[in-house]
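What follows is a single structure, written as structure tokens, with notes after it.
The values are calculated or read from the model by the stated rules, or taken from the named source; none is laboratory data. Every value quoted in this text rests on a predicted model; they were computed, and no experiment measured them. Heads up, the Cβs are rebuilt from the backbone with ideal geometry, glycines too, and the neighbour counts pull from every protein chain shown. All accessible areas refer to the heavy atoms of the entire protein, side chains included, with ligands and DNA or RNA removed. Shrake-Rupley method; radii C 1.70, N 1.55, O 1.52, S 1.80 Å.
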Amino acid sequence: MEKKITVPEIRQSKNKRKLTMLTAYDYPTALSVDRCGIDMILVGDSLAMVVLGHEDTLSVTMEEMLHHTRAVTRAAKRALVIGDMPFMSYQVSAEQAVRNAGRFLKEAGAKAVKLEGGTSVLPQIKAIVNAGIPVQGHLGLTPQSIAQLGGFKVQAKTAKTAQKLIEDAKALEDAGCFSLVLEAIPAEIARLITENVTIPTIGIGAGPYCDGQVLVFHDLVGLFDRFTPKFVKQYVNLNAEIEKALKHFKQEVEQSIFPGKEHSFTINEQELEIVKKQSSST
Ligand code: KIV
């Protein structure tokens, strides 16, 4: 049995080795991610966009997140599974946050939760941590605040906003977060944060100096083509491969090539003769 990665191991990896995290939302994908030795699987609320086809992440519900988290935890033998708290599952109050964070562990088998925001959500983070649930923070571009941010834009580009981000990062560390996602911020600001906190930073569009990197699975394998942010590296174009295979199937069916003998079942000749006689006499 594979040894599971734990929250303390993630914390202690700082300055020792680079961490990897990928999103997954279903059993087969999580199996692949886990088998490849990725440290953390985030069941991200990006589910809303890359799997459920919504415009942004705001509409995904707790029930949908739990449903997909269950599929992922069934597959993950080694990776630490983190459930992403959806919009309005923690913003209302610390009590609401603890209840919903608890559901990820109790009902879906996740080992930690992630939530977006800085000092405005400190009471929620402290309450969840006090309940014994590990929390991963998320700063910079926080897609649940897209209405306030005015779109998917790079953050912390002025001295004032960068300073605020650094303060937020320290506050999240003090509140007990075990790691911190930094999204779409200048590489040098991510470096300053990484050097100024003792918890690992996991970057997405935050340059090379973070303690680890995360990508959305569908971006990495070319399964989401509505838009591709500058920070995404597409390692394979699965959409193109899948479409090639599907067109091939259609062509082979239309030309009576598929199914061939090797895909068909047989019946013994004598039995067949009996069936033929019976069917012609009825
Ligand atoms: O939901 C998500 O996929 C995320 C990652 C971009 C970190 O929050």
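Could you please let me know if G150 is away from the ligand (no atom under 16 Å from the Cβ), free of Cβ contacts under 8 Å to residues at least 12 places away in the same chain and open to solvent by less than 60 Å² (accessible area, probe 1.4 Å)? Full working, then the answer.
Numbers: away from the ligand (no atom under 16 Å from the Cβ): yes; free of Cβ contacts under 8 Å to residues at least 12 places away in the same chain: yes; open to solvent by less than 60 Å² (accessible area, probe 1.4 Å): yes.
Yes: the conditions hold for G150.
Among the residues of region 237-282, how many are open to solvent by 80 Å² or more (accessible area, probe 1.4 Å), closer than 30 Å to G222 by Cβ and assigned to a helix (DSSP H, G or I)?
Qualifying residue count, region 237-282: 11.
Would you pick out the residues in region 1-44 that are among the acidic types (D, E) and more than 16 Å from the ligand (Cβ to nearest atom)?
Residues satisfying the conditions are E2, E9, D34.
Looking only at region 208-236, how many residues end up being part of a loop (DSSP other than H, G, I, E, B), under 27 Å from N15 (Cβ atoms), within 16 Å of the ligand (Cβ to nearest atom) and open to solvent by 30 Å² or more (accessible area, probe 1.4 Å)?
2
State which residue is nearest to the ligand (Cβ to nearest atom) when the search covers only region 98-132 and only residues that are crowded, with 24+ Cβ neighbours inside 10 Å and closer than 19 Å to H68 by Cα.
If we take residues in region 98-132 being crowded, with 24+ Cβ neighbours inside 10 Å and closer than 19 Å to H68 by Cα, then K114 is nearest to the ligand (Cβ to nearest atom).
Is it the case that some residue within region 133-150 is modelled with pLDDT under 95, in a loop (DSSP other than H, G, I, E, B) and not β-branched (V, I, T)?
The answer is yes, given that some residue of region 133-150 is modelled with pLDDT under 95, in a loop (DSSP other than H, G, I, E, B) and not β-branched (V, I, T).
Which one is farthest from the ligand (Cβ to nearest atom), of the residues in region 56-89 that are touching a Lys or Arg at 6+ places or on another chain (Cβ under 9 Å), open to solvent by 10 Å² or more (accessible area, probe 1.4 Å) and under 23 Å from I202 (Cβ atoms)?
Per the criteria, the residue is K77.
Using beta carbons and a limit of 8 Å, which pairs, at least six apart or on different chains, have the first residue in region 251-266 and of a type in the set (V, I, T) and the second one not in a loop (DSSP other than H, G, I, E, B)?
I257/Q251
Looking only at region 186-207, filter to residues that are in a loop (DSSP other than H, G, I, E, B) and of a type in the set (A, V, I, L, M); which one of those is nearest to Q136 (Cα to Cα)?
Residues of region 186-207 that are in a loop (DSSP other than H, G, I, E, B), as a first pass: 186, 197-200, 205-207.
Applying the additional criterion that residues be of a type in the set (A, V, I, L, M) yields 197, 199, 206.
On the way: V197: 14, I199: 10, A206: 16 Å.
So the residue we want is I199.
Looking at (1) out of contact with any strand residue (DSSP E or B) (no Cβ under 7 Å at 6 or more places or on another chain); (2) away from the ligand (no atom under 15 Å from the Cβ); (3) closer than 18 Å to G117 by Cα, which is the only condition R191 fails?
If we test R191 against (1) out of contact with any strand residue (DSSP E or B) (no Cβ under 7 Å at 6 or more places or on another chain); (2) away from the ligand (no atom under 15 Å from the Cβ); (3) closer than 18 Å to G117 by Cα, just (3) comes out false.
Residues of region 105-135 being of a type in the set (A, V, I, L, M) and under 24 Å from L22 (Cβ atoms), which ones?
Going through region 105-135, the residues of a type in the set (A, V, I, L, M) turn out to be 105, 108, 110, 112-113, 115, 121-122, 125, 127-129, 131, 133, 135.
Across region 105-135, the qualifying residues are L105, A108, A110, A112, V113, L115, I125, I128, I133, V135.
Which condition from (1) surrounded by fewer than 20 Cβ atoms within 10 Å (Cβ to Cβ); (2) touching a helix residue (DSSP H, G or I) at 6+ places or on another chain (Cβ under 9 Å); (3) of a type in the set (V, I, T) is the one that V135 breaks?
In the conditions (1) surrounded by fewer than 20 Cβ atoms within 10 Å (Cβ to Cβ); (2) touching a helix residue (DSSP H, G or I) at 6+ places or on another chain (Cβ under 9 Å); (3) of a type in the set (V, I, T), V135 misses (1) alone.
Please state which one of G37, G53 is under 18 Å from E2 (Cα atoms) and surrounded by fewer than 20 Cβ atoms within 10 Å (Cβ to Cβ). Break it down into steps so the answer makes sense when it comes.
Details: G53 fails: under 18 Å from E2 (Cα atoms).
Exactly one of G37, G53 is under 18 Å from E2 (Cα atoms) and surrounded by fewer than 20 Cβ atoms within 10 Å (Cβ to Cβ), namely G37.
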